[in-house]
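Reviewing the structure listed below.
The values are calculated or read from the model by the stated rules, or taken from the named source; none is laboratory data. All of these numbers come straight from a predicted model, not from anything done at the bench. Glycine gets a Cβ as well: all are built from the backbone with ideal geometry, and neighbour counts include every protein chain shown. Side chains included, ligands, DNA and RNA excluded: accessible areas come from the protein's heavy atoms. Shrake-Rupley method; radii C 1.70, N 1.55, O 1.52, S 1.80 Å.
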Amino acid sequence: MFMRQISSIIRRQAMAELRPVVISGPSGAGKSTLLKILFKEYATIFGFSVSHTTRSPRTGEENGKDYHFVSREEMLRGIAAGEFVESAEFSGHLYGTSKAAVQTVLSKNQICILDIDMQGVRNIKKTDWSAIYISIQPPSYKVLEARLKARQTETEEGLRRRLLAAKLDMEFSRQPGIFNLVIVNDNLEDAYSQLKSILLEEIEMAKSLQK
Ligand code: ADP
Ligand code: 5GP
């Protein structure tokens, strides 16, 4: 097992290729929370694919760091010009991964992390990327609802839409063959340790590429 892992690292190192990591799951499941811990522990190893969105920034969110906050017109123009790898409508707003966002991360020999919804997952699956797909799920729908409400970032309508999308997402995560790992984020420490475990081989690869 160990030897196989090493030879896989050497083979892919020769190709200078780091697998992108796609993180998905219902809004409020804890994706951003887990990613924040990961980026803190491995500041130079991972790079975040900064998506574009037409939704407004939340308190504390920075333009260009959390998202590129743009108008619908600007986003539609970019999509029409072929500037996006994927894009989707979620909870009444457009979201999308630009080619430039991914390129920025790869050019630094960092592992590219995408935080995208289930439509994004379906679309990335159609590309030739050899991505690692991870779903972050809440322990239950009730807990998710409580966490989303406690976060106090959504209007009543936003909350309703997100909870509706969450039901579909929870079903989607149970479909076989989509995700390499489904993490139930009940205890944050346990969830983080599972996330880290699946990424260890990739982390070693990135470390040796960055030497
Ligand atoms: P997402 O990025 O998936 O929308 P967040 O990371 O914003 O979700 O998490 C939603 C809310 O739940 C936040 O207020 C966060 O502090 C809280 N949260 C995240 N993980 C846990 C956990 N394991 N236990 C309790 N609360 C959590
Ligand atoms: P939020 O508004 O809570 O930041 O994100 C809402 C949803 O949009 C989340 O499920 C998040 O993963 C998803 N999302 C964020 N960026 C993108 C993107 O570039 N593409 C897609 N398809 N979904 C995204």
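Worth pointing out:
- Largest-first principal axis extents of the Cα set of the range 90-170 (Å): 40, 22, 21
- 0 to 90° range, to nearest 10: angle between helix 141-151 axis and the chain longest Cα axis: 80
- The range 89-152 versus the range 25-45: alpha-carbon centroid distance in Å: 11
- Ordering of 117-129, 61-73 by burial proxy (mean other Cβ atoms within 10 Å per residue, highest first): 117-129, 61-73
- Average accessible area per residue (Å²) across the chain - probe 1.4 Å, nucleic acids and ligands excluded: 54
- Three principal axis extents describe the C-alpha atoms of the range 14-153; from largest down they are 46, 36, 28 Å.
- Total lysine pairs under 15 Å (Cα atoms) in the range 13-203, excluding pairs fewer than 8 apart on one chain: 8
- For the chain, share of DSSP beta bridges that run antiparallel, in % to the nearest 5: 30
- A simple spin-label model places pseudo-atoms 7 Å from Cα toward Cβ; at LEU188 and LYS125 they are separated by 3.1 nm.
- Once the Cα atoms are used to define both axes, helix 188-210 deviates from the longest principal axis of the chain by about 50 degrees.
- Apportionment of accessible area to carbon and sulfur, the range 13-203, percent (1.4 Å): 52
- Tilt relative to the chain, helix 156-173 - C-alpha long axis, 0 to 90 degrees, to 10: 40
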